[in-house]
1. Select, from B:278, B:289, B:312, the only residue that is within 8 Å of chain A (Cβ to nearest Cβ), of a type outside the set (Gly, Ala, Ser) and touching a strand residue (DSSP E or B) at 6+ places or on another chain (Cβ under 6 Å).
2. Does segment A:139-150 contain at least one residue that is buried (at least 21 other Cβ atoms within 10 Å of the Cβ), away from ligand 2 (no atom under 11 Å from the Cβ) and more than 8 Å from chain B (Cβ to nearest Cβ)?
3. Cβ contacts < 7 Å: first residue among the basic types (Lys, Arg), restricted to segment B:82-94; second residue buried (at least 24 other Cβ atoms within 10 Å of the Cβ) and at pLDDT 95 or above, any location; separation 6+ or different chain. Result?
4. For the structure I just gave you, tell me whether residue A:206 is crowded, with 20+ Cβ neighbours inside 10 Å, away from chain B (no Cβ under 11 Å) and farther than 30 Å from residue B:65 by Cα.
5. Kindly indicate the residue of segment B:292-309 that is surrounded by fewer than 22 Cβ atoms within 10 Å (Cβ to Cβ) and part of a helix (DSSP H, G or I) and also nearest to the other protein chains (Cβ to nearest Cβ) among those meeting that condition.
6. What are the residue pairs meeting all of these: first residue in segment B:190-207, first residue over 19 Å from residue B:152 (Cα atoms) and more than 14 Å from every other protein chain (Cβ to nearest Cβ), second residue of a type in the set (S, T, N, Q) and in a loop (DSSP other than H, G, I, E, B), Cβ atoms under 6 Å, and 6 or more apart or on different chains?
7. Counting just the residues of segment B:234-272 that are farther than 20 Å from residue A:145 by Cβ and touching a Phe, Trp or Tyr at 6+ places or on another chain (Cβ under 9 Å), which one comes out nearest to ligand 2 (Cβ to nearest atom)?
8. For residue A:135, state whether it is part of a helix (DSSP H, G or I) and surrounded by fewer than 23 Cβ atoms within 10 Å (Cβ to Cβ).
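The values are calculated or read from the model by the stated rules, or taken from the named source; none is laboratory data. Small disclaimer: the values here were computed from a predicted structure and weren't measured. Positions of Cβ are generated from backbone atoms using ideal geometry, with glycine treated the same way; all protein chains shown enter the neighbour counts.
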Amino acid sequence: MNITVCVKQVPDTGLDRELRAGDSTVDREAVEAVINELDEFAIEEGLQLAQKHGGEVTILSMGPDQAAESIRKALAMGGDKGVHVSDPALHGSDALVTSAVLAAALARTGFDLVILGSESTDARTGILAAMLAERLGVPQLTFADGVEIDGQSVRVRRLADYGYDMVEADLPAVVSVVEKTNEPRYPSFKGIMAAKKKPIEVLTLADLELTADQAGLGASATEVTEFRKRPPRQVGTIVEDEGKGGIEAAGFLTTQKFI
Amino acid sequence: MAEILILAEHDGGAVKKVTTELLTVARELGEPSVVWAGPGGEEAAGRLGEFGAAKVYIADSPDFADYVVAPKAELLAALAREKAPGAVLVAASQEGREVAGRLAVKTGWGVLTDVTGLSADLIAEQPIFGGAITVSSRACSGVPIIAIRPNAIAAEPAPGPAVLEKVEFAVPDAAKGARVTERVRKERGSRPELTEAAIVVSGGRGVGSGENFNLIEGLADALHAAVGASRAAVDAGWYPHQFQVGQTGKTVSPQLYIAVGISGAIQHRAGMQTSKAIMVINNDPEAPIFELADYGVVGDLFNVVPQLTTEINKRAQEG
Ligand SMILES: Cc1cc2nc3c(=O)[nH]c(=O)nc-3n(C[C@H](O)[C@H](O)[C@H](O)COP(=O)(O)OP(=O)(O)OC[C@H]3O[C@@H](n4cnc5c(N)ncnc54)[C@H](O)[C@@H]3O)c2cc1C
Ligand SMILES: Nc1ncnc2c1ncn2[C@@H]1O[C@H](COP(=O)(O)O)[C@@H](O)[C@H]1O
């Protein structure tokens with residue numbers, strides 16, 4: 001089975017993330033870049049499925065040169081090969097453009113199953129999997145907690161507001177997984193060494209038969225016109241409980257008209 | 001005046017609050033038309049009219065519930081092409097966002113997710129990086145598709161008659177790829193829905209057990225609030241996943257958020273940082289969640305919470 005996992009490199013959520021003053025895009029130099037932590041669950045799911053059902057795991061990422069580090073890490077976890085879509089013209093692409101580029105790369109490499117994280121920690125749209133399914137014309141099984149393959153069909157537990165749905169579809173399909181689905185492995189020393197020799201194919205827009213005016217800031221259907229830092233929160237009242245903490249807290253709720 | 005299409009969120013009849021919020025926004029942009037996929041549209045028309053819906057397009061078919069997301073996107077795309085609206089509004093719920101994404105691909109129109117404010121000239125506000133930065137943005141290509149965060153905008157009634165219009169729509173087979181074979185609903189009792197509630201009381205690892213969540217529920221009920229939980233509490237099996245607040249759970253923006261026994265990890269903050277007021281109960285004065293607190297009690301939740309609950313009930317009775 002041919003499994004492709006979509007992995008995004010993002011600024012570390014633990015640090016102070018910024019937008020660039022010039023074009024309001026995410027500043028990918030100011031803060032250390034890491035694998036989107038939710039994509040680690042997608043990688044793990046892909047590796048487990050390949051182990052169980054046979055086949056290869058391809059790691060696909062669109063991003064600047066340094067995104068290769070994230071692909072390499074995914075290969076160290078156990079992925080077989082990488083595909084890196086990298087082109088200066090991609091800078092500032094929104095979800096619509098990103099989905100077009102990833103769909104073109106997926107169509108080129110072929111797939112039985114595409115696995116994504118449930119969202120990226122920087123963009124947080126959580127819609128890329130749905131967009132890819134739409135573009136590729138294959139079923140969408142998103143927000144999955146647990147993915148099972150049985151012959152030519154795939155079955156997931158899709159988490160929802162009201163509980164969950166069991167969802168079934170024929171392969172090929174697009175799946176996104178939530179962070180409850182598994183426990184991502186750490187790359188072993190052996191895995192890190194092996195990853196150095198694994199192939200990463202670098203693709204430009206031209207390789208995908210896309211042109212520069214179909215990508216990047218210019219082609220995006222959305223734009224940020226302005227941004228500002230949220231004013232720091234007013235320092236609140238902190239009281240030590242000396243036996244009446246609950247009653248004092250009720251006092252706060254009363255003055256704020258919550259009671 | 002341009003028509004504004006709104007995808008209704010409902011559970012088979014009852015209109016979700018977020019839909020009335022979308023109507024409130026839509027009235028500022030043009031003439032609101034609600035798109036109702038599935039059963040219950042006729043019964044809901046009155047409620048939708050109360051918030052200014054001029055039209056309700058009703059397409060009733062079991063396909064909308066039996067297949068994942070794609071059928072609703074097909075319906076919305078068909079109507080959007082026919083009506084040439086000024087904007088398409090959906091709720092920034094899991095499903096609403098996915099419908100918006102598919103509609104954007106079908107049409108090539110720009111899509112903005114997790115919008116917390118929208119001006120009459122369609123400039124959107126979006127909090128990013130867990131609320132640290134607010135951006136103004138716009139969809140600059142085609143008809144703007146805007147997903148609005150529940151509870152970010154106050155719904156205001158503007159009663160009028162809503163005209164019903166049945167839509168003949170057959171869901172194409174291509175949209176029937178992902179079949180729902182079983183639907184499991186977990187009841188939340190009489191409490192308000194997490195993303196819609198004016199007040200949310202959340203418990204974390206400090207609560208200690210599933211049984212102890214009674215304390216959180218007791219406090220929530222005294223305030224007519226919804227109950228939330230940190231991932232640590234959900235992973236421990238103390239509370240069901242659909243109540244998780246944070247990066248990979250729900251994003252909530254209530255008037256008041258009470259965090260009990262929650263440390264305030266960045267992933268938790270991402271889901272609650274834009275709450276209007278925040279109260280914290282935690283026995284560790286160094287817990288980072290105190291940085292967000294408008295009011296914090298450093299103390300043992302097993303003392304503070306029961307006392308607070310009793311006091312609220314007492315004050316409520318005294319009125
Ligand atoms: C990919 C990923 C996604 C994640 N998504 C989410 C998410 O959506 N939501 C989320 O919440 N987390 C999420 N997390 C987890 C997050 O990093 C934290 O681990 C989690 O939020 C911690 O939960 P907690 O605050 O309840 O537990 P802890 O960090 O253990 O904090 C417990 C707190 O309770 C206090 N306490 C203990 N006993 C008492 C007492 N008797 N009285 C008063 N206070 C007491 C302690 O002082 C402590 O501050 C995610 C993590 C990852 C890696
Ligand atoms: N540039 C990218 N390259 C590869 N995969 C991506 C990229 N952007 C997003 N994804 C995938 O899409 C998922 C959802 O992202 P988003 O819709 O941005 O929240 C992520 O978890 C990734 O699996």
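1. Selected residue: B:278, the only one of B:278, B:289, B:312 that is within 8 Å of chain A (Cβ to nearest Cβ), of a type outside the set (Gly, Ala, Ser) and touching a strand residue (DSSP E or B) at 6+ places or on another chain (Cβ under 6 Å).
2. yes
3. B:83/B:5
4. No; evaluated as a whole, the condition is false for this residue.
5. If we take residues in segment B:292-309 being surrounded by fewer than 22 Cβ atoms within 10 Å (Cβ to Cβ) and part of a helix (DSSP H, G or I), then B:307 is nearest to the other protein chains (Cβ to nearest Cβ).
6. Hits for this filter: B:204/B:230.
7. Checked segment B:234-272; the qualifying residue nearest to ligand 2 (Cβ to nearest atom) is B:272.
8. Criteria met by residue A:135.
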